[in-house]
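The values are calculated or read from the model by the stated rules, or taken from the named source; none is laboratory data. In this text the structure is predicted, and so the values were computed from the model without any measurement. In this analysis, Cβ positions are derived from the backbone assuming ideal geometry, glycine residues included, and neighbour counts consider all displayed protein chains.
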Amino acid sequence: MGQDLFEIIQNCSPSKFGGHLASKDAFSLASKEKKDAQEVAQEMAKELAETNKQYVTKAEAVAGFVNITLSEEGLAELLERSIPLQNDQWTGQTVVVDYSGPNVGKPFSVGHLRSTVIGDAVANMHQASGAKVIRVNHLGDLGTQFGKLIVALTKWGDEKTVAKKPTAELLKLYVKFHDEAESNEKLNDEARAWYKKLEDQNPDALKIWQKIVDWSLVEYHKTYELLRINFESEEVPESGVMGESFYTKEMMMQVMAELESFGLVKESEGAKILDLGEEIPPTILIKKDGATVYLLRDLAALKYRLTEWRANKIIYHIGTEQSLHLQQLFITAKRIGWLGEGAQLMAAHHGQYRLKEGKMSTRKGRGVQLKELITKGIEKTAKLVKDSAKAQSIAVSAIKYNDLSHNRVQDVMFEWGKALNLEGNSAPYLIYTNARAHGVFRTSEYGQMTSFSLEAKKATPLLKEKKEEELILAIFHCRQIFTTATTNAEPNLLAEQLYTIARQFNSYYGAFKINTDNQELRDARLFLVKAVSEILEEGLTYLGIETFTEL
């Protein structure tokens, strides 16, 4: 089991057997050695008790688990090692996080929110774990929809009107195109022709395309500013935008040459097809008119990230309906040897927001715009929080947390009440809890939290109440969960644990007087309050949520 208790307990869970922690390592070890798990657990418990007498008062085997009861010094050391969450797990690694990627010409809808806030939280967590993080907003600024938008804009659009409300007007034109195309198939032919011109760098097509992109970016940047999300980095300096159009025809043709050299390309009715055999369905790379498709551009992007940025891990935050697309991308990269140095590609799929009427659809004009949601959230919060800046921040935090607290692979049924939730398991509840912790210090002799300092080993011997021990263990488990949440790109795990800590703290606050007349006990309890605040503030920051010392 090893000599360092604090390496051993990293995989421990809360004990169900009356102790503090329980390790299930005996089960895997017993399986390897073909022994009985209870027998192995007894050996491990004996060694642990003998080599960690300073920190362990009792270690015993229970139903194959090693049940651990910590000493006062053990609990102190546990708490000392639990904060901060920040660690060096990914030090020396370059992690590329691909997220958000709205489609140019369309409003930033609630449907884009999942990729955006989950991706940002995962990027924050990796950065806090020592990685060099490159955040990529793979903007959807190419594709057949641009042919449709160009046709609609030239036939029915007014540029002055569009410039005033870009994405709203472009959406109207996009919907109109589809309505008209139902009875006029020639419109689709015109759209394909315009898109081909765009790919061939036709000056007229490029001029209209650039206007559409610029109009859209003005609104997108306002949305990112509201959400407190910033993609900019040394590698992606221009406001963090690095869309599909960055990957040139030349870059894509280089990829095509590699694919052909590995025998992965076939021709079918004039089009070039990626053929991976029976492992996965074939798919088009280049259409018969010479236009490229999304997969080829993504292959060019992947090659760039692996060769130019030397990425060790690339995380794609993309909807579950795109799972086949990423399978094709990943399998192709492996087949042609791009992953030879052990680069990790991760499909961090997320479910979609859905309405009671069904899936959100831009084409059908059915959806909820993020701007509308944020505006309603601010109006609701302003009734409770007088400071307008705080009201806006809390409203945005409530919207983000509502998303982040869900398991990312599950679909989320959009409901206004839940999206703007200000009670229960919500960002406002966590923000308020942290402000309450700071309030405890304002009513103490120290006046503020930053004026207080105490060593854990002096505080924990006085923290004997069950609720106090539960809080210490919850803070410790938050560090474990943070590591798992980072590795698996699952910020909901961190959100859930922060909520657990907040709930336990509020229960503790209601049950015990913290600023007691006994100075030693008062300081010990203040130490625990400070620990709660520190873990909440750090964790919420990684989730992209702003905290306040006072509301």
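Computed quantities for the displayed model
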{"quantity": "Single residue of the stretch 456-486 satisfying the filter (free of Cβ contacts under 8 Å to residues at least 40 places away in the same chain and not aliphatic (A, V, I, L, M)) that is nearest to Ala435 (Cα to Cα)", "calculated": "Glu470"}
{"quantity": "The stretch 177-215: number of residues that are loosely packed, with under 12 Cβ neighbours inside 10 Å, more than 37 Å from the chain's Cα centre (by Cα) and part of a helix (DSSP H, G or I)", "calculated": "2"}
{"quantity": "Output for the stretch 1-55, where each listed residue is modelled with pLDDT of 90 or more, among the aromatic types (Phe, Trp, Tyr) and within 26 Å of Asn87 (Cβ to Cβ)", "calculated": "Tyr55"}
{"quantity": "The stretch 295-311 residues that are β-branched (Val, Ile, Thr), paired with ones that are modelled with pLDDT under 95 (beta carbon under 6 Å, 6 or more apart)", "calculated": "none"}
{"quantity": "Residue in the stretch 169-185 that is polar (S, T, N, Q) and touching a residue at least 24 places away in the same chain (Cβ under 8 Å) present", "calculated": "no"}
{"quantity": "Those residues of the stretch 473-498 which are part of a helix (DSSP H, G or I), among the hydrophobic types (A, V, I, L, M, F, W, C) and within 15 Å of the chain's Cα centre (by Cα), in sequence order", "calculated": "Ile481, Phe482, Ala485, Leu493, Leu494, Ala495"}
{"quantity": "Selection count, the stretch 261-283, where residues are modelled with pLDDT of 95 or more, out of contact with any strand residue (DSSP E or B) (no Cβ under 7 Å at 6 or more places or on another chain) and in a loop (DSSP other than H, G, I, E, B)", "calculated": "2"}
{"quantity": "Among residues of the stretch 159-168, those that are surrounded by fewer than 21 Cβ atoms within 10 Å (Cβ to Cβ) and under 16 Å from Gln369 (Cα atoms), counted", "calculated": "2"}
{"quantity": "Set Gly277, Gly270, Gly290, Gly263: member being on the phi > 0 side of the Ramachandran plot and in contact with a helix residue (DSSP H, G or I) (Cβ under 9 Å, 6 or more places away or on another chain)", "calculated": "Gly290"}
{"quantity": "Scope the stretch 499-515; condition more than 15 Å from Glu465 (Cα to Cα) and either outside any helix (DSSP H, G or I) or not assigned by TED's automatic domain parsing to the domain that holds Val440 (or both); matching residues", "calculated": "Asn515"}
{"quantity": "Which numbered condition Thr248 misses (of (1) among the polar types (S, T, N, Q); (2) within 26 Å of Phe146 (Cα to Cα); (3) in contact (Cβ under 8 Å) with a residue 60 or more places away in the chain)", "calculated": "(3)"}
{"quantity": "Subset of the stretch 296-310 that is surrounded by fewer than 19 Cβ atoms within 10 Å (Cβ to Cβ) and of a type outside the set (Phe, Trp, Tyr) - its residue that is nearest to Ile336 (Cα to Cα)", "calculated": "Thr307"}
{"quantity": "Selected residue [surrounded by 23 or more Cβ atoms within 10 Å (Cβ to Cβ), in contact (Cβ under 8 Å) with a residue 24 or more places away in the chain, on the phi > 0 side of the Ramachandran plot and touching a Phe, Trp or Tyr at 6+ places or on another chain (Cβ under 8 Å)] from Gly105, Gly119, Gly130", "calculated": "Gly105"}
{"quantity": "Out of Ser115, Ser100, sole residue that is under 30 Å from Lys176 (Cβ atoms), in contact with a His (Cβ under 9 Å, 6 or more places away or on another chain), in the same structural domain as Ser216 (by TED's automatic domain parsing) and part of a loop (DSSP other than H, G, I, E, B)", "calculated": "Ser100"}
{"quantity": "Any hit, the stretch 279-292, residues being surrounded by fewer than 17 Cβ atoms within 10 Å (Cβ to Cβ), without any contact (Cβ under 8 Å) to a residue 24 or more places away in the chain, assigned by TED's automatic domain parsing to the domain that holds Gly147 and among the hydrophobic types (A, V, I, L, M, F, W, C)", "calculated": "no"}
